[in-house]
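Input: a single structure, listed below in structure tokens.
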Amino acid sequence: MPRDIQPSRHRSVRYLLLTIGWLSVALGVIGIFLPVLPTTPFLLLAAACFVRSSRRFYLWLVTHPHLGPWIRDYLEGQGIPLKGKVYALVLMWASISFSCYLVPMPWARVFMLSSAVLVSLYILKQKTLPNP
């Protein structure tokens, strides 16, 4: 746990952060299987909430055998595995393409495609970790 970040002193703030943190963990786990939800941002939000509310939950999250590496690699600036980049981009573009096919509103299609382009650029700009 970062030493320079202190947990909130207010009980209500801690409970709110815990609630947002666990909701973010749930959405992040769902995002592993559902490509429209971004896993890493939700897990990073959960870590940020837990670091301010519960040392125990923060340590659990960053040391978790399946969820922890996503957070640690990102926070340490190591990057994203090539396999993860390809998986994320292919599934994201497949789901966005299907959504654009289903949604008849041009403004919604422009929004979805713009979002997909920006997320793709962000993913591609990240360092690439070699596959294990």
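The values are calculated or read from the model by the stated rules, or taken from the named source; none is laboratory data. None of these values were measured; they are calculated from a predicted model. All Cβ positions, even for glycine, are placed from backbone atoms using ideal geometry, and neighbour counts span all protein chains on display. Accessible surface is based on the protein model in full, side chains and every heavy atom, while ligands, DNA and RNA are left aside. Shrake-Rupley method; radii C 1.70, N 1.55, O 1.52, S 1.80 Å.
Per-structure values
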quantity	calculated
Qualifying position, being surrounded by fewer than 12 Cβ atoms within 10 Å (Cβ to Cβ) and aromatic (Phe, Trp, Tyr), among 98, 50	98
When residues of the range 53-84 are limited to those that are over 18 Å from residue 32 (Cβ atoms) and among the hydrophobic types (A, V, I, L, M, F, W, C), the one most open to solvent (accessible area, probe 1.4 Å)	75
Evaluation of residue 98 against (1) within 17 Å of residue 39 (Cα to Cα); (2) of a type in the set (Phe, Trp, Tyr); (3) at pLDDT 85 or above (one fails), failing number	(1)
Residue match in the range 20-39 (condition: more than 25 Å from residue 126 (Cβ to Cβ), assigned to a loop (DSSP other than H, G, I, E, B) and at pLDDT below 90)	no
